[in-house]
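What follows is a single structure, written as structure tokens, with notes after it.
Each value in this text was obtained by applying a stated rule to the coordinates, not by laboratory testing. Since we're looking at a predicted model, the values are computed, not measured. Note that each Cβ is placed from the backbone with ideal geometry, even for glycine, and that neighbours are counted across all protein chains shown.
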Amino acid sequence: MPRSLLLCPVDYFTVVYKINPWMDPSIPIGSQDAQKQWQELHDIYKDVGFDVHLIRPVEGLPDMVFTANGFFSIDNKAVVARYRYPQRQGETEYYIQWLKDRNFKVIDPGQIYYEGEGDTFLVGNTIFQGWGFRSDKKVVELMKKTFPEKNGIALHLIDDRFYHLDTCFFPVNEELVYYYDKAFDTASQKAITKAFKHAVAVSDEEALGFALNSMTVDHTVITNTKSKKFVNRVKSDGYQVVTAHMTEFLKSGGSVKCLTNEIWTKD
Ligand code: ARG
């Protein structure tokens, strides 16, 4: 079973509305830089051995590049996004089509807001489900019903700068998670420290640089260039680090993980 990823080319990426505290439509996006940075990430994924799939970008849907939000899937079953903000709601139909064309069983949350892998992580046999700003709490039940064979842990997000779980929670493997404690309520912080042998709370500087919005493959961590402290931390914890430039996507409140949907394809 190869490890596959879904990316969306950046042809229409820009910041023209504000749906999170990082976005400011008056700050210009360098579209050539965005193109270069996305290509760099794409090439890193190829180099480390991912099978990279692409979904066609759609004019008028500038945040579609953040494929993490499109759905969450295990094997060929996918829960598709129902976006909180109208500006992104148009993306759902394209993800449904992409999934159907590949014979995924598509579960539609309908009236429940849900933003895919941005708020959902599978770690070993456990699904961690973030809720609060984008995904509704009701999603926790939907996940249990959809994937009854998995354990479920709900995590409540309380700081709107960390509006998706993947901005403040970076599970490297079943034993190690880097997280930003202040982004969670007390019960969720406890749940995290209980679930992992090593739960490492990072500094404000690392979290605000989107260091936790990262990817892992085997013993390699792919993260953005901003926080040297995080890069050094991960190295001293025994991992290799590959860095990607993400300045243009940070202006939209996104980085490495947001641009990436991890899928498992059966072949
Ligand atoms: N501008 C996008 C939004 O606010 C960024 C999405 C980032 N995605 C993520 N998985 N954190 O919706």
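Structure data summary
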| read-out | value |
| --- | --- |
| Residue list for the stretch 217-227, filter: free of Cβ contacts under 8 Å to residues at least 60 places away in the same chain and crowded, with 18+ Cβ neighbours inside 10 Å | Val221, Thr223, Asn224, Lys226, Ser227 |
| Matching residues, the stretch 173-187, being part of a helix (DSSP H, G or I) and either of a type outside the set (A, V, I, L, M) or surrounded by fewer than 16 Cβ atoms within 10 Å (Cβ to Cβ) (or both) | Asp181, Lys182, Thr186, Ala187 |
| Unique match (being in contact with a Cys (Cβ under 7 Å, 6 or more places away or on another chain) and more than 30 Å from Lys77 (Cα to Cα)) among Ala201, Ala207 | Ala207 |
| Count of the stretch 31-42 residues which are in contact with an Asp or Glu (Cβ under 6 Å, 6 or more places away or on another chain) and surrounded by fewer than 18 Cβ atoms within 10 Å (Cβ to Cβ) | 1 |
| Options Tyr94, Tyr85, Tyr45; residue that is touching a Lys or Arg at 6+ places or on another chain (Cβ under 8 Å) and aromatic (Phe, Trp, Tyr) | Tyr94 |
| Number of positions in the stretch 193-233 that are among the hydrophobic types (A, V, I, L, M, F, W, C), assigned to a strand (DSSP E or B) and under 19 Å from His42 (Cα atoms) | 4 |
| Only listed residue being within 23 Å of Val123 (Cα to Cα), crowded, with 18+ Cβ neighbours inside 10 Å, of a type in the set (Phe, Trp, Tyr) and within 16 Å of the ligand (Cβ to nearest atom), chosen from Phe210, Phe196 | Phe210 |
| Selected residue (criterion: surrounded by the most Cβ atoms within 10 Å (Cβ to Cβ)) from residues of the stretch 228-267 that are within 15 Å of the ligand (Cβ to nearest atom) and acidic (Asp, Glu) | Glu248 |
| Some residue of the stretch 196-216 being among the aromatic types (Phe, Trp, Tyr), more than 25 Å from Val65 (Cα to Cα) and out of contact with any His (no Cβ under 9 Å at 6 or more places or on another chain) | yes |
